[in-house]
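Let me begin by presenting the structure, written as structure tokens, before commenting on it.
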Amino acid sequence: MAALEVKVPDIGDFKDVEIIEVLVKAGDHVQAEQSLVTVESDKASMEIPSSAEGVVRELRVKVGDKVNEGSLLLLLDSDAPATHADAPPVASPAVPASAPAEPPAAPAAAPAAAGVEVEVVVPDIGDFDEVAVIEVLVKPGDTVAVEQSLITVESDKASMEIPSSTAGVVKALKVKVGDKVSKGSLIATVQGSGGGPAAAPAPAAASPSPSPAPASAPAAAAPAAGAGSERALPTAALPAHEPTAPTGTLPHASPAIRKLARELGVPLDEVKGSGPKGRITQEDVHDFVKAVLSGAARTKAQAGKGASAAPGAGGGLAGLVPWPQVDFAKFGAIEKKDLSRIKKISGPALHRNWVTIPHVTNHDDADITDLEAFRVATNKENEKAGVKVTMLAFLIKASVAALQKFPDFNASLDGDQLVLKKYFHIGFAADTPNGLVVPVIRDCDKKGVIQISNEMGELAKKARDGKLTPTDMSGGCFSISSLGGIGGRYFTPIINAPEVAILGVCRSTIEPVWDGKAFQPRLILPLSLSWDHRVVDGAMAARFNVFLIQVLGDFRRVLL
Ligand code: CAO
């Protein structure tokens, strides 16, 4: 089978344009009209489609090559005849095939006389119909020159800038990003400075005539206003785009990449382009998505949410190398398991707290020998009533005493202010088969240890049964995470934002303690207090722990 030569069709004044993307590879099956490459001038980019269906036998171009009408793109094994009679075989280039026959007579046809307000409309832009405005490059009050780009529009296959037909000051903008425009749509009113094109006034559409229209666009021969030059894609011949309004917001990417980004919800302006001149490639978009999903990066929106919960946070994790992509199965047998619902919810919150709060953890020991004796005695006394108090209930009560003495720990950051709470709601981390939850016991300053213990038991059961309500888990001032029933020595608990501190507790053990004369066997409880260094400093944290240890050493201090 003879190979069909697929060439660049008539693309108007797109001359010596660079290939910025090759969208197919040898062996790919392509449909007629499927985009093969993307080319770009300094003002517009467009995709060049295939003239026929078939299998790509051989690519004849690569990224960076410059092409013109008639340049050979690839060889195609195709049974079907090309949809176009002769080379270039493309019947319908990616963007407008039909070029404007006549420039429309627009009110802004002539350069506006000084002071006269002119309506600048979208000129004949070929088959660009109902295209989206993706960028507005000027604002009211800006002085614009003839041919200066006003907006950028984008179809599914190409984007282009629409220039002003007249010089003057922008009085009012009539479009915004997201609007759909067609030929004749009003872009802006411009108060003429009288500085229109020097030579014969041209029709508006001749001046902007941004017909990017490739194909057999007669517009290619349309004279540019006063310049006498040919411009099917007039903007390509213009000086570099210098919008008065700072733009720089439009990421450097082809329409296909923009479409992909929109489909995936990727904020393209946050993607770093690895292509020539920083162009964003398909791979860049995919890498960005992978990095966000793996937690190696965050979008600005995600960082912003973190920032609102933790003032001073945000800024993202830009600059981090991507998360390692490892094919674990290469090294041995594996099995995949979905994260539980709780882990899916708590994971991002823990991650945010860990990354955005400057944590410091102080480790300390409390002598709870006497308190433990009291606890055991209390439980014995209340055995018949079915009451059982664990050390955690005493820790909650002792923590309230410490929070009352050091109010900055019973606070949350709000911008430059500290919200000091006059209530004492304490959260406790509860281990459930589905993951960690933090129910909150309210008004612990007003409750006794037995009541706290009872409520804790009820909430822990609800947690294990998956029946906690959002109210059960909200309003906490300070949290305690106790691993005492399990074991361990010390750990570094993560602060439960917007709280500013958390107490970690491990298993108490009998240890020899020097009393000045001899070692005594004492029950020692390891404590780990993590605190937010934006709110608390090391000295205050040490004082908090010293006080807490004093209370645990002699619980009568709670009464003081
Ligand atoms: N030292 C020694 N023993 C301790 C202790 C301590 N610090 N704390 C509790 N114990 C003992 C209890 O006295 C109890 O002993 P008995 O069975 O002999 O009576 C046993 O350990 C079990 O206690 P518990 O864990 O059932 O009760 P608790 O009040 O200490 O804790 C709860 C309740 C819900 C907090 C706990 O069950 C739990 O889920 N802990 C895990 C919290 C967690 O996962 N934290 C990590 C967060 S970071 O990922």
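The values are calculated or read from the model by the stated rules, or taken from the named source; none is laboratory data. Please read these numbers as outputs of a predicted model, since none were measured by experiment. Positions of Cβ are generated from backbone atoms using ideal geometry, with glycine treated the same way; all protein chains shown enter the neighbour counts. Note: areas computed on protein heavy atoms with side chains; ligands, DNA, RNA excluded. Shrake-Rupley method; radii C 1.70, N 1.55, O 1.52, S 1.80 Å.
Hey, among the residues in region 516-560 that are of a type outside the set (A, V, I, L, M, F, W, C) and modelled with pLDDT under 95, which one's surrounded by the most Cβ atoms within 10 Å (Cβ to Cβ)? If we take residues in region 516-560 being of a type outside the set (A, V, I, L, M, F, W, C) and modelled with pLDDT under 95, then ARG557 is surrounded by the most Cβ atoms within 10 Å (Cβ to Cβ). Among residues of region 386-432 being among the β-branched types (Val, Ile, Thr) and open to solvent by less than 60 Å² (accessible area, probe 1.4 Å), the one that is farthest from the ligand (Cβ to nearest atom) is VAL400.
Considering (1) open to solvent by 10 Å² or more (accessible area, probe 1.4 Å); (2) under 17 Å from ALA44 (Cβ atoms); (3) at pLDDT 75 or above, the lone condition that VAL181 does not fulfil carries the number (1).
Summed over region 439-466, residues that are outside any loop (DSSP other than H, G, I, E, B) and either away from the ligand (no atom under 16 Å from the Cβ) or more than 13 Å from ILE342 (Cβ to Cβ) (or both) total 19.
Counting only strands (runs of 3 or more DSSP E) wholly contained in region 467-560, the ones carrying 3 or more residues that are touching a Phe, Trp or Tyr at 6+ places or on another chain (Cβ under 8 Å) occupy 478-482, 501-505, 519-532.
Note on region 376-401: among residues that are of a type in the set (S, T, N, Q) and within 19 Å of VAL558 (Cα to Cα), the one that is modelled with the highest pLDDT is SER399.
Just to be sure before I move on: is LEU436 part of a strand (DSSP E or B) and of a type outside the set (Ser, Thr, Tyr) in the structure I sent?
Working: part of a strand (DSSP E or B): yes; of a type outside the set (Ser, Thr, Tyr): yes.
Yes: the conditions hold for LEU436.
Scanning region 494-525 for residues that are without any contact (Cβ under 8 Å) to a residue 60 or more places away in the chain, within 10 Å of the ligand (Cβ to nearest atom) and polar (S, T, N, Q) turns up just one, THR509.
Each residue in region 112-170 was checked for being in a loop (DSSP other than H, G, I, E, B) and open to solvent by 40 Å² or more (accessible area, probe 1.4 Å), and 13 of them qualify.
Scanning region 61-91 for residues that are modelled with pLDDT under 85, farther than 24 Å from ILE20 by Cβ and surrounded by fewer than 19 Cβ atoms within 10 Å (Cβ to Cβ) returns ASP79, ALA80, PRO81, THR83, ALA85, ASP86. A single member of THR471, THR432 is without any contact (Cβ under 8 Å) to a residue 40 or more places away in the chain and among the polar types (S, T, N, Q), and it is THR471.
Within the bounds of region 526-544, is there any residue that is more than 28 Å from ASP416 (Cα to Cα) and within 14 Å of the ligand (Cβ to nearest atom)? Scanning region 526-544 turns up at least one residue that is more than 28 Å from ASP416 (Cα to Cα) and within 14 Å of the ligand (Cβ to nearest atom). Restricting attention to region 42-60, the residues that are open to solvent by less than 20 Å² (accessible area, probe 1.4 Å) and not in a strand (DSSP E or B) total 4.
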